[in-house]
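Every read-out reported here was derived from the displayed coordinates using simple, explicitly stated rules and does not represent laboratory data. Computed from a predicted structure; not experimentally measured. Glycine also receives a Cβ, built like all others from the backbone with ideal geometry; neighbour counts cover every protein chain displayed.
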Amino acid sequence: MARTPAGIVRGAAWLALAVLAAGSARAQAPDEESTKSTVTKQLEKALTDPAEMEKGKKEEQRDAFEFFKTTVLPNDVIPYIKANHWSTMALELRANRFSYDGWLETDPPVPLLDMPHEVVFRRDARLVKGQRSRILFQVMTPTIPRELPLQLIRPDSLRYDDRHTAALRPLLPHQMLMPILTKGPSEAYGRWSHLRCMFPLSGTKSDQVVYDNQRYYRVIPTNEPDRCYLPTHPLTWTTISHVIWDGMPPDTLNVSQQDAMKDWLHWGGQLIIVGGAGPNLAPFRESFLAPYLPADISGAGKQLSADDLRSFAAAYPPPAPIAEPEDAIEATQPIQQAFEEVGRRYKPAEPIVVEKDKPLYVAVLDPKPGARVIGFGKKAGLPPLGVEWRVGRGRILMLGIALTDPTLLGWNGYDTFVRRVVLRRPEERCVAELRYADPSTGQSGYMPPLYSPLNAPDLTWSRLLGRDLGAGTRRIQIEEDENGSATVSSTGRNAPPTATPSVASSTLSMAARLNPFHVPVGEWLDDAALPSLSRSALEHASGIEIPGRRFVLMVIV
């Protein structure tokens, strides 16, 4: 009897647990039914809704791989590539049906210059299903074709999974790239592509196609300010001569891009950091470039008037217009008057027009010991125009002014200022002054001056000891098709350079009107001095000598 109450308690407890479980099951039953109902409704919608059926049909018809864009850094639009130079190619693609783990490679292999060998350029391709990916890989082609075939293939596969053809644009050997790094759209630098200092003085301006191929620099604008398209590998910077840094935050560059830029600077790159109104210079205090800056950033500023800029404007006269090399000027005027019209290299200096309510703003720079100061002129009390010093073979220039200030853009001497201060490139050598036309040519009157075009070593300071020491000139071959597309290659060893620029009529082909010789910079050629010395040292160290014909004949006899 004493155990009866305990048994009753235990029975009541089990009964309570059963009731709670039943109640919980009844409470959860509507949720499960609701979930099943939702899944059923979605399935019915996918099977009956025309829009959903069309969406599913498109998913099934979508290719296994989608290729969106192929570019060559630092350009995110036009795939410029230079013969015998390493370049970083960027390929954007997506795997739609499954995640992919394979290779992206060139096919067929790329033949090397003057060698019986071919190279396959390859990079790992790991793609996540449905996610857009960007693959970077390095290529080096002695000949620039119009298209470069690429393929996706797995290591254990005998057949490729997909193929893609990358379109290429040839960058001629004398041309250099100039990226513009801005914190917003860089339309203000659009005028730079048309400056006189970007072209040879004796260029063929009557033919825009030829004139564009004769240009010295190609300006690369910023299309996505929150993303930097500079190459990540230092060997692929040999086509870049200058970088204009105007406001883009330094942390936009990843670590690989930062290290590549520092290597490029020490090898001869030129970095121009632009100041002016706004906090353009302040972010560099704690950036990766802080140890290399030639001046401290005080944060102060000053406004300059037209009177402050008078001696500055006098130091940079505007370039004079130059007639076509093959066009004669009628001899109906004295030669002195003809010289004033077309014979001068520069026109008289012009003042800078500064509006009273819009003075030129200059960020004050404090030069570090050993730095070179570029001033506005002899007037006392003015801040530095810029401060620069060498970093290895290269240089860093910090400007206190904004290169896109309307006051400067409206000044005719702006072109000369950009060439002398920003680019630091030499002038073309005059090979023929203003003269009377040779009667044997069928022309009469005065012939305009003739200037020798510059080559790559004049346009960039970048040098690679193993490739530029003792490198000879090479002959350019340009093959054109019926659509005007050109295939550029570089052949011939130690070709003699021309004494004067190639001058021809507008009826000749592009190849005839371009200088057929060039002096290479950064090209990977085996006939340079250091590779030749290395091969000779290895052959001598091996102790193996190829016997002459007399020895071979004696052995046969």
Task: For the stretch 272-319: rounded, prolate or oblate by the Cα gyration tensor [a/c cutoff 1.5] - done: prolate
- [ ] Set the Förster distance to 51 Å, then compute FRET efficiency between residue 532 and residue 336 from the Cβ-Cβ distance, nearest 0.05.
- [x] 0.45
Open item on the list: Please compute the modelled spin-label separation between residue 545 and residue 208, points set 7 Å along Cα→Cβ, answer in nm with one decimal.
Closed with: 6.5 nm
Task: Cα-projected label distance for residue 118 with residue 350, points at 7 Å along beta-carbon direction, nm - done: 5.8 nm
Task: Estimated distance in nm for a label pair at residue 288 and residue 368, the labels positioned 7 Å out from Cα along Cα-to-Cβ - done: 1.7 nm
Open item on the list: Can you compute the FRET efficiency between residue 305 and residue 412 using 1/(1 + (r/R0)^6), with r the Cβ-Cβ distance and R0 = 22 Å? Round to the nearest 0.05.
Closed with: 0.70
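Quick one: grab the alpha carbon gyration tensor of the stretch 158-258, order the square roots of its eigenvalues as a ≥ b ≥ c, and give me rounded if a/c is under 1.5, else prolate or oblate depending on whether a/b is larger than b/c. Don't jump to the answer; show the numbers that get you there.
Details: a/c = 2.08, a/b = 1.19, b/c = 1.74.
Here the stretch 158-258 falls in the oblate category.
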- [ ] If a/c stays under 1.5 just call it rounded; otherwise compare a/b with b/c (prolate if a/b is bigger, oblate if not). Do that for the stretch 49-204, with a ≥ b ≥ c from the square roots of the Cα gyration tensor eigenvalues.
- [x] oblate
Open item on the list: At R0 = 60 Å, how high is the FRET efficiency between residue 224 and residue 552 if r is their beta carbon distance? Nearest 0.05 is fine.
Closed with: 0.35
Task: Segment residue 98-residue 129, length gained on full extension (0.36 nm per residue, minus Cα span) - done: 10.7 nm
